[in-house]
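Below is one structure, written out as structure tokens, with a few remarks after it.
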Amino acid sequence: MRTVICVLLFCLMQGGNTLKSQTVIDLGRGGGVRSKTIDDYTRDQENIRKRQAADSVAYSDCLRRALSALHTDSLAQARKLFEEALRLRPLSPSNYIVRRSLGRIHLAEGNFGKATELLTAVLKEKPDEAEARMDRATAYLELDNPQEAEKDCNVLIEENLLPDRLARLHFIRGAARMRQKFYAPARSDFETCLRLEPGSTGAALLLASAYEADNRLHEALERLNLFVEAHPENADGLIMRAQLEEKAGRDDAARADYDKALRLRPQDGSLYVARAEVLLRLGAQGSARKDLDEAVRLGIPRSSLNSLYQKL
């Protein structure tokens, strides 16, 4: 089969560059140079149409398979398929949806920089994409850029969003404000989140943390008492309350909470260390030794516990 190379020849005309003609250089034996005919143009257009049709089918297939992979939590496979779709049709009007999906996958995989890059590209094209902006706020927060996270939240909070979306925004903004040590506004956000979504354990725990960070230990403990009463099987609430009880000098109460937390998380070596410290202050050296030995068995380096072993 002979190889044909199409070379575009431009002729400078007065007033600008105008396409004057195209030639075909035939590299086969006995070939030569000739002007393109209407048949050549027809074949070119037909080849382009066929290639575009094939790319369109492959593009749609990539999206279908990517969505199926997402449904089964196969994030890596979905990411590769979405990237292939972008390669096949880089100018498709629906690519902002593909980039938004890729941004979410990178967010879930912990690639926060790449997630921010993709979501920013979406927002440049579609500035009203609320989900992309909310996801970018989360990515900014993970990148320790709370100022930008708060800006994205501020944009969306002014909109008429559904309660669950609004609750999530106040949660993200509250966390961003906590990072900036704006504790009173952060508390306001967490309280709003809880009004919209009373079952948000994360907002309830961060609200207590905001009180603690603002040196309002009594209010923080009150919040945690309510939380533990409502969620007695939540180990995080018990651990946080135990830590505050230690700060308040209430080691007996802290020990009781660590006991409950360890029944829920018996393989957490760090909890044995925390309880051992309380037991040492209570004068229960024998029990403290057992906890330290168990922590070592669970993988805590003994060298990091030498100062506690020396107190036995």
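The values are calculated or read from the model by the stated rules, or taken from the named source; none is laboratory data. None of the values given here were measured: they were computed from a predicted structure. Note that each Cβ is placed from the backbone with ideal geometry, even for glycine, and that neighbours are counted across all protein chains shown. The area values use the complete protein model at the heavy-atom level, side chains included, leaving out ligands, DNA and RNA. Shrake-Rupley method; radii C 1.70, N 1.55, O 1.52, S 1.80 Å.
Annotations for the structure displayed:
- Any hit, segment 106-120, residues being touching a Lys or Arg at 6+ places or on another chain (Cβ under 9 Å), modelled with pLDDT of 95 or more and in a loop (DSSP other than H, G, I, E, B): no
- Test: residue in segment 72-91 that is over 19 Å from GLU142 (Cβ atoms), modelled with pLDDT under 85 and assigned to a helix (DSSP H, G or I): no
- The one condition in (1) more than 24 Å from the chain's Cα centre (by Cα); (2) in contact (Cβ under 8 Å) with a residue 24 or more places away in the chain; (3) open to solvent by 40 Å² or more (accessible area, probe 1.4 Å) that ASN225 fails to fulfil: (2)
- The single residue among ASP128, ASP135, ASP144, ASP152 that is open to solvent by 50 Å² or more (accessible area, probe 1.4 Å) and at pLDDT 95 or above turns out to be ASP144.
- The helices (runs of 4 or more DSSP H) falling completely within segment 262-312 include none with 2 or more residues that are closer than 22 Å to ASN234 by Cβ and over 37 Å from the mean Cα position of the chain (by Cα).
- The set of residues in segment 171-207 being part of a loop (DSSP other than H, G, I, E, B) and more than 15 Å from ALA149 (Cβ to Cβ) consists of GLU197, PRO198, GLY199, SER200.
- The numbered conditions (1) closer than 29 Å to TYR183 by Cβ; (2) out of contact with any helix residue (DSSP H, G or I) (no Cβ under 8 Å at 6 or more places or on another chain) are all true for LEU217 except (2).
- Reported count of residues in segment 240-257, each being within 21 Å of GLY174 (Cβ to Cβ) and surrounded by fewer than 21 Cβ atoms within 10 Å (Cβ to Cβ), is 1.
- Residue pairs whose Cβ atoms lie under 6 Å apart, sitting 6 or more positions apart in sequence or on different chains, and linking a residue in segment 284-299 that is at negative phi to a partner that is open to solvent by 50 Å² or more (accessible area, probe 1.4 Å), are GLN285/LEU312; ARG289/LEU312; VAL296/ARG302.
- Matching residues in segment 154-170 - criterion: being of a type in the set (Asp, Glu) and either within 14 Å of ALA132 (Cα to Cα) or not in a loop (DSSP other than H, G, I, E, B) (or both): ASP164
- GLU83 being under 15 Å from the mean Cα position of the chain (by Cα) and open to solvent by 40 Å² or more (accessible area, probe 1.4 Å): no
- Selection count where residues are under 22 Å from the mean Cα position of the chain (by Cα) and among the charged types (D, E, K, R), scope segment 160-207: 8
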